[in-house]
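What follows is a single structure, written as structure tokens, with notes after it.
Since every read-out is calculated from the coordinates, none of them should be taken as a lab result. Please read all numbers here as calculations on a predicted model, not as lab measurements. In this analysis, Cβ positions are derived from the backbone assuming ideal geometry, glycine residues included, and neighbour counts consider all displayed protein chains.
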């Protein structure tokens with residue numbers, strides 16, 4: 001972690017500590033939401049994920065591409081506060097691994113085909129889900145989510161808000177060798193939000209007829225064909241007055257060019273699986289430090305509300321034993337925060353740095369990809385197009 005960031009965090013913690021170390025009110029009830037600010041949408045209550053008893057038949061499955069989210073910037077008044085820019089940096093990392101939590105909910109519902117997290121909208125998927133992080137801290141998660149299918153039909157555009165309670169976090173975030181973080185059994189504080197989004201996507205799907213779902217799948221296949229060989233499949237898709245893509249013709253089963261497109265798609269899907277696994281690994285690695293950061297954020301919000309509710313007391317009371325204990329506990333918590341802040345920063349920065357080059361074999365030739373995951377993903381799509389064109393030329 002750079003020294004500037006550490007000094008800012010230390011100043012932030014110490015300043016807040018002196019301002020609130022004399023407060024003695026108890027924490028809010030563990031099951032009581034802390035944040036009561038106005039949001040774009042009403043906070044969700046307890047949401048049950050709709051789970052299918054059996055997955056749809058293969059031919060009826062729709063695949064889902066969850067894109068990396070975007071994030072709004074903190075407003076100017078917020079960025080002036082101590083520590084605010086630190087959390088803004090963390091929010092930027094959330095754009096890459098919060099989609100993984102939504103993907104988990106969709107997969108757990110057993111209602112879909114392949115569900116993958118990718119940097120961009122991918123033409124091989126039937127449904128694309130994009131999102132914007134409006135607000136994210138230890139208390140509130142607010143997202144704007146858009147779902148659309150490959151025909152450009154918008155399924156919905158909704159705001160979602162969920163509030164966390166103190167009981168949503170581990171009793172102790174001092175993760176050590178003897179107190180390891182149990183990620184496998186940890187439930188994210190905002191699970192209800194992801195369940196609601198997954199349920200809304202399912203509801204939108206169920207409003208479509210089977211014929212409309214079949215058309216979505218056809219358009220998806222043609223989208224990729226046009227992406228790979230625009231000249232060969234020109235006119236296969238048209239845009240109707242509503243802005244939706246409509247198929248005009250579908251290639252025959254024995255069409256040699258379309259067969260080659262399908263072959264390329266199989267290779268592309270293998271790389272897509274690798275990208276998705278990378279995002280999953282990122283979240284698994286960062287999760288312990290991220291949970292600590294969220295808990296720290298929650299603590300600061302709680303203490304800020306205490307300060308506003310109770311007001312400042314005389315500085316003469318700083319010397320009593322209770323307030324000294326409170327300050328000592330704050331410093332103790334800071335020591336642990338510093339350790340995990342360093343760990344989180346290293347992990348998060350590593351995600352943006354270059355990955356080990358990916359060596360991929362296609363038709364006995366080896367292709368190397370370098371750069372970030374986003375760069376490798378885009379380079380891979382370009383490589384497939386070039387290879388496809390070369391194969392077409394060699395077979396003419």
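Taken along the Cα-to-beta-carbon direction at a fixed 7 Å, the label points for residue 42 and residue 301 span 2.0 nm. Potential lengthening of the chain between residue 239 and residue 157 amounts to 27.4 nm, from the contour at 0.36 nm per residue minus the alpha-carbon distance. The label-point distance for residue 203 and residue 287, in a model that sets each label 7 Å from Cα toward Cβ, rounds to 2.9 nm. Full extension of the chain between residue 167 and residue 61 yields a length gain of 34.4 nm, computed as 0.36 nm times the residue separation minus the alpha carbon distance. Geometric descriptor of segment 108-153, per residue, is 115 Å³ (volume of the convex hull of the Cα atoms). Its Cα gyration tensor gives segment 37-288 an equivalent ellipsoid, and the semi-axes of that ellipsoid, as √(5λ) in whole Å with the largest first, are 37, 20, 18.
The label-point distance for residue 246 and residue 266, in a model that sets each label 7 Å from Cα toward Cβ, rounds to 3.4 nm.
For segment 37-288, the relative contact order works out to 23 percent when only alpha carbon pairs closer than 8 Å and six or more residues apart are counted. Between residue 72 and residue 375, the contour length at 0.36 nm per residue exceeds the alpha carbon distance by 106.8 nm. The protection proxy used here, the mean number of other Cβ atoms lying within 10 Å of each residue, ranks peptides 373-381, 50-58 as follows, highest first: 373-381, 50-58.
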